[in-house]
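> One structure, as structure tokens, below. Some questions next.
The values are calculated or read from the model by the stated rules, or taken from the named source; none is laboratory data. Here the structure is a predicted model, which means the values were calculated and not measured. For neighbour counting, all protein chains shown are included, and Cβ atoms are generated from backbone atoms with ideal geometry for every residue, glycine included. Remember, those area values only see protein heavy atoms, side chains included, never the ligands or the DNA or RNA. Shrake-Rupley method; radii C 1.70, N 1.55, O 1.52, S 1.80 Å.
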Amino acid sequence: MRFRSILIAAAASSVLATPALAHRMWLLPSTSTLASTNEYVTVDAAVSNDLFYPDHVAMDPAQVSVWAPDGTEGKVENPSKGRHRGTFDVALNKAGTWKIGMERTGVMGTFKVGAEEWRVGGRGRPQGPGAPGGPGAPAGAGAPPAAPAGTPARPPMRMVPTVADIPANATDIKLTESVTRNFVYVTAGAPTKVALTGKGLEFDPITHPDELVSDEEGSFRFLIDGKPAAGVKITVVPGGKKYREAEDAQELTTGADGTVKIKWPVAGWYWLNASAEDAKPSDKKASARRMAFTTTLEVVAP
Amino acid sequence: MTRTKILPALPLLAAGTIATPALAASVTVTVPQIKVAEYHRPYVAGWVEPAAGGNARTIFVWYDLKKRGNEPGTKWLADLRTWWRKGGRSLNLPADGLSGATRAPGSYTVAIPANLPKGDYVLKVEAARETGGRELVSVPFTVGGKGGSASGKTELGTVTVR
């Protein structure tokens, strides 16, 4: 549970915080291009400060799904979660481009019971309704448990874990749906186009993600609910910060047609994050929707 | 050998003085001798592209044809990364008349397809070596006209079209 809440916080911060402060979630395949369908790719998965150094928490391979080029589900093999990094293998036994990663949806926000503000989801200890101090309990019915002598008493954490726990007498409900996607693309043989779902923020590459070369611009389109998305914020960061002085992040925005063109200062692995907000959540109780898409791109020397 | 130190412009001049009326019908590739503790013969691919842009046409690819098992010779073909992108990945390997075994250091001559329409082309030769480097050499030439020559720095010696 604690691990999950860290992840949610990381996902939220990648949308909210300035990029320099964010813990970044990443998937790093051992290669993006394989010559045949008899091969494996090993993928590392972590949330860290620097790309691609596992220095914070591992990502659990159990959260990962694999899609073969024909859209069927692939297998996560040899999953393992270390202290700093999760890792797993995928057998690329069909020709074309594979999609590997995860999607996480959550609803977070605030509501009021009387004059007190409560939170839904996020970091902290949840407190159910009806529990002492819970939003459904009569005011003043439960005092916080006595703290051991010497430690200051903590105020009750006004929080419920899910939307379903919001009591009937709640007012001022402000909820935001968040959809976080993190996918990487690995190709066996010739690249193929990856199918889109037409829902939420999606990556619709014009330059195939497995054909990027450092002396050519990459051109990518972003869609929201299947339509070109203008004004999507894009952050592009090269890996290997340890070997240079600055982060060298690029902050870009998609144009009217939803596309962004990216120049690569050097060959190597890049982390790309796109984020957007609108007022079209799929969950009726929410009023806003936050969307994030993350991928890792390999750019080779020409 | 001085071969590796020659500036790209010099072999062009040399070729110009030696060449009898050039037909641009064959390419000679030199696989250099490299003195390292662990030497593996390089994987080498050669292809032609129209100078004005267009489809690449592979004319040879040398790799470990017979290597089987978990890591067959074909596994490393993607390391010839420019060739792989430009057409290697769409070939059905081994390809008749194109695939060949790796070559020991020396000079090798390969015919350029006789059915290439007249015009300006660029011959590209790419080499990648296990535990070694990778190099790409480009030689502009004209079918029905002049040939050319260029030299790599490490993984490839002189590449001459004549």
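> Each residue of the stretch A:41-47 in turn: what ³J(HN,Hα) in whole Hz from Karplus with 6.51, -1.76, 1.60 and θ = phi - 60°, glycine and Pro shown as x?
Computed from phi, the couplings for the stretch A:41-47 are 10, 9, 10, 9, 9, 7, 10 Hz.
> Round to the nearest 10 and report in Å² the accessible area of B:TYR39, as given by a 1.4 Å probe over the protein chains' heavy atoms.
We get 70 Å² for B:TYR39.
> I would also like to ask the following. For chain B, what does the relative contact order come out to in percent, with C-alpha contacts under 8 Å and a separation of six or more?
Once divided by the residue count of chain B, the mean separation gives 37 percent.
> Here is a follow-up. With the cut-off at 1.5 for a/c, could you classify the stretch A:151-287 from its C-alpha gyration tensor as rounded, prolate or oblate?
Here the stretch A:151-287 falls in the prolate category.
> Turning to a different aspect of this structure: Please list, in order along the stretch A:193-209, the HN-Hα scalar couplings obtained from phi with the Karplus expression 6.51 cos²θ - 1.76 cosθ + 1.60 (θ = phi - 60°), rounded to whole Hz, x for Gly and Pro.
Values, residue by residue: 7, 8, 5, 9, 9, x, 10, x, 7, 10, 9, 10, x, 8, 7, 5, x Hz.
> Further, regarding this structure: Leaving out same-chain residues fewer than 8 places away, which aspartates and glutamates sit with a Cα under 17 Å from that of A:LYS280?
A:GLU177, A:GLU202, A:ASP225
> Follow-up. Quick one: which bits of the stretch B:55-99 get at least 10 Å² less accessible when the partner protein chains are in, versus the chain alone, with a 1.4 Å probe?
Residues meeting the cut-off: B:ASN70, B:PRO72, B:THR74, B:LYS75, B:ALA78, B:ARG81, B:THR82, B:TRP84, B:ARG85, B:ARG89.
> Right, something else. Might you work out the accessible area of B:THR28 for me, using a 1.4 Å probe with all protein chains in place, and round it to the nearest 10 Å²?
Approximately 20 Å² of B:THR28 is accessible to the 1.4 Å probe.
> Relative to the longest principal axis of the C-alpha atoms of chain B, give the angle of the C-alpha long axis of helix B:9-18, reported between 0 and 90° and rounded to the nearest 10°.
On a 0 to 90 degree scale, this one is about 60.
> For the pairs A:LYS81/A:LYS284; A:LYS99/A:LYS199; A:LYS75/B:LYS75; A:LYS261/B:LYS86, note any where the Cα-Cα span goes beyond 26 Å.
A:LYS81/A:LYS284
> Here is a further query. Please give, to one decimal in nm, the separation of the simple spin-label points placed at B:GLU130 and A:GLU103, each 7 Å out from Cα toward the Cβ.
Going from the B:GLU130 label point to the A:GLU103 one covers 4.3 nm.
> Order B:LEU77, B:LEU65 by their accessible area, 1.4 angstrom probe, all chains in place, largest first.
B:LEU65, B:LEU77
> How long is the gain from A:ALA249 to A:GLU73 if the chain were fully straight, where each residue apart is worth 0.36 nm and the alpha carbon distance is subtracted?
Numbers: separation 176, 0.36 × 176 = 63.36 nm, distance 3.41 nm.
Full extension of this stretch gives 60.0 nm more.
> Set the Förster radius R0 to 22 Å, insert the Cβ-Cβ distance between A:ASP225 and A:SER65 as r into 1/(1 + (r/R0)^6), and round the FRET efficiency to 0.05. Numbers along the way, then the final one.
On the way: r = 21 Å, r/R0 = 0.97.
The value I calculate is 0.55.
> Quick check: pseudo-label points 7 Å beyond the Cα along Cα→Cβ at B:TYR39 and A:LYS199, how many nm apart are they?
6.0
> So what J values fall out for the stretch A:176-186 if you push phi through Karplus, 6.51 cos²θ - 1.76 cosθ + 1.60 with θ = phi - 60°, rounded to Hz, Gly and Pro as x?
10, 8, 10, 10, 10, 10, 9, 10, 10, 10, 10
> Classify chain B: rounded, prolate or oblate, from the alpha-carbon gyration tensor (a ≥ b ≥ c, eigenvalue square roots; a/c under 1.5 rounded; otherwise prolate if a/b is larger than b/c)?
Oblate is the answer for chain B, as a/c is 1.5 or above yet b/c matches or exceeds a/b.
> Can you compute the modelled spin-label distance between B:ASN115 and A:LYS284, with each label point 7 Å from Cα toward Cβ, in nm?
6.6
> Got a number for carbon plus sulfur as a percent of the stretch A:212-251's accessible area, 1.4 Å probe?
Carbon and sulfur atoms account for 46 percent of the accessible area of the stretch A:212-251.
> Using amide H atoms built in the peptide plane, which far-off residues or other-chain residues are under 5 Å from B:GLY119 H to H?
Long-range HN contacts for B:GLY119: B:VAL143.
> Please report how far the C-alpha centroid of the stretch B:125-162 lies from that of the stretch B:93-123, rounded to the nearest whole angstrom.
12
> Does the stretch B:26-96 classify as rounded, prolate or oblate by the C-alpha gyration tensor (a ≥ b ≥ c root eigenvalues; a/c under 1.5 gives rounded; else a/b over b/c gives prolate, otherwise oblate)?
oblate
> What FRET efficiency would be calculated for the residue pair A:ASP55, B:ARG57, taking the C-beta separation as r and a Förster radius of 45 Å, to the nearest 0.05?
Plugging the Cβ-Cβ distance into 1/(1 + (r/R0)^6) gives 0.40.
> Continuing with this model, one more query. Roughly how much of A:ASP248 is accessible, in Å² to the nearest 10, using a 1.4 Å probe?
Approximately 80 Å² for this residue.
> Could you tell me the total accessible area buried at the B-A interface, probe 1.4 Å, in square angstrom to the nearest hundred?
Buried surface at the B/A interface: approximately 1000 Å².
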